[in-house]
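Structure record follows, encoded as structure tokens.
The values are calculated or read from the model by the stated rules, or taken from the named source; none is laboratory data. Model, not experiment: these values are computed from the prediction. Note that we place each Cβ from the backbone using ideal geometry, even for glycine, and neighbour counts take in every protein chain shown. Accessible surface is based on the protein model in full, side chains and every heavy atom, while ligands, DNA and RNA are left aside. Shrake-Rupley method; radii C 1.70, N 1.55, O 1.52, S 1.80 Å.
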Amino acid sequence: MQFQQLQYFVAVAETRHFTRAADLVHVAQPSLSQQIKALERELGADLFLRARGNITLTDAGEALLPLARRILADADTARHEVQELAQLRSGRIRLGATPSLCTGLLPDVLRAFHDRYPGIRLLIEEGGSHDLVRELARGALDLALVVLPLPTPSPALTTVELLREDLVVVSSPEAPAPGRGRTVRVADLESERLVMFRHGYDLRELTVAACRAEGFEPDFAVEGGEMDAVLGFVRAGLGVAVVPRMVATKSGRGLRVTPLARPGLHRTIALAHRSDVAPPRAARELQRMLLER
């Protein structure tokens with residue numbers, strides 16, 4: 001039994017006409033008829049009742065039809081999957097992420113992805129969630145790691161929660177320990193000078209909102225930096241900063257790390273992509289690795 005014979009059989013079964021079936025599969029009608037007869041000899045049963053102007057399936061044909069359709073569908077799926085896997089040998093992924101995630105979460109995951117798919121170019125764009133959502137919406141990114149809730153909820157985006165991360169307070173070991181030493185309450189930050197991120201940075205908005213909820217406006221020693229600059233200013237003793245635990249763990253040399261007292265502060269990280277366009281195969285594979293990390 002040949003794959004091509006099953007294609008011809010299904011075409012005749014669906015059109016109930018040998019000539020139209022031959023046109024459908026782009027083969028001469030005599031060749032199609034010969035292959036159908038060869039299939040019938042192989043199976044030892046007629047598949048069609050042939051009457052002038054009236055082609056119908058026999059019982060054997062009725063039994064074979066769903067099986068043949070399934071075989072053809074499985075073959076098409078296999079072809080599609082192999083082609084998509086082949087695409088992972090080359091191509092690109094345009095990934096957006098906040099600077100803190102580029103420092104904390106992404107290096108290990110991207111290293112594992114690169115080791116598995118060295119032919120895929122990784123194009124990384126750093127930015128705040130607001131900027132990344134805008135870039136996703138206009139098709140400039142395939143995926144983005146954003147902080148929930150989104151600054152402007154968008155029905156055009158699909159988000160999948162990735163992790164919930166604790167925030168901690170970092171300070172210079174040469175400066176007095178903030179708060180009570182072992183933990184820091186948000187209220188304790190009223191007596192500290194803060195090294196603050198630039199406007200539009202998710203951590204800035206979260207920290208300022210937490211301070212205002214405690215009834216005070218934070219005092220900024222320095223403001224306007226990205227993650228590396230903020231950590232550098234804290235190491236220099238200019239003030240304290242609220243940063244993700246993952247960043248503090250990976251970049252904590254020269255820093256004192258103090259947990260926030262319960263209930264603490266947290267942020268939720270999600271993976272986002274456009275709802276109306278499926279991410280490329282390589283991007284879906286990176287998405288899988290991020291979700292399974």
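Kindly express, to the nearest 10 degrees and within the range 0 to 90, the angle between helix 281-292's C-alpha long axis and the longest C-alpha principal axis of the chain.
It is inclined by approximately 50 degrees.
Roughly to the nearest percent, how much of the accessible area of the range 208-278 is carbon and sulfur, given a 1.4 Å probe? Provide the component values of the computation, followed by the final result.
Numbers: 1750 of 3470 Å².
With neighbouring chains kept in place, the figure for the range 208-278 is 50 percent.
What net charge is computed for the residues neighbouring residue 255, neighbours being all others with C-beta under 14 Å from the C-beta of residue 255, Lys and Arg scored +1, Asp and Glu -1?
Working: positive: 235, 245, 250, 253, 256; negative: 174, 228.
Taking every other residue near residue 255 into account, the sum is +3.
Accessible area per residue of the chain at 1.4 Å probe, in Å²? Don't skip to the answer; put the middle values down first.
Details: 15390 Å² over 293 residues.
With the other protein chains kept in place, the chain gives 53 Å² per residue.
Taking the chain as the reference, fit the longest principal axis to its C-alpha atoms, fit the long axis of helix 59-87 to the helix C-alpha atoms, and give the angle between the two in degrees, 0 to 90, nearest 10.
It works out to around 40 degrees.
Counting only protein heavy atoms, what percent of the accessible surface of the range 45-110 is carbon or sulfur at a 1.4 Å probe? Let's see the in-between values first.
Working: 1960 of 3710 Å².
C and S fraction of accessible area: 53 percent.
Report the FRET efficiency, 1/(1 + (r/R0)^6), for residue 80 and residue 199, where r is their Cβ-Cβ distance and R0 is 35 Å, rounded to 0.05. Please list the in-between numbers first.
Numbers: r = 46 Å, r/R0 = 1.32.
So, using R0 = 35 Å, E works out to roughly 0.15.
Got the relative contact order for the range 142-293 handy, in percent, Cα pairs under 8 Å and 6 or more residues apart? Walk me through the numbers before you get to the answer.
On the way: 260 pairs, mean separation 68.5, N = 152.
Dividing the mean separation by the residue count of the range 142-293 yields 45 percent.
Magnitude of the Cβ-charge dipole of the chain, K/R +1 and D/E -1, about the Cα centre, nearest 20 debye? Numbers along the way, then the final one.
Working: 37 positive and 36 negative charges, 85 e Å.
Magnitude of the dipole: close to 400 debye.
Quick one: of the DSSP bridges fully inside the chain, what percent are antiparallel, nearest 5?
Values: 26 of 43 bridges.
So the antiparallel bridges in the chain amount to around 60 percent.
Compute the separation of the alpha-carbon centres of the range 14-61 and the range 68-136 and state it in Å as a whole number.
So the two Cα centres are separated by 45 Å.
If you fit an axis through the alpha-carbon atoms of helix 3-15 and take the longest principal axis of the Cα set of the chain, what angle between them do you get, 0 to 90°, nearest 10?
80 degrees
Out of all DSSP beta bridges in the range 97-242, what portion is antiparallel? Express it as a percent rounded to 5.
Working: 2 of 10 bridges.
Here the antiparallel bridges make up roughly 20 percent for the range 97-242.
Per DSSP H run of at least 4 residues, take -39500 (n - 2.57); add these up for the chain, divide by its residues and hand me the 222 nm value, nearest 500 deg cm²/dmol.
On the way: 11 runs with 129 residues, N = 293.
Only helices count here, giving -13500 deg cm²/dmol.
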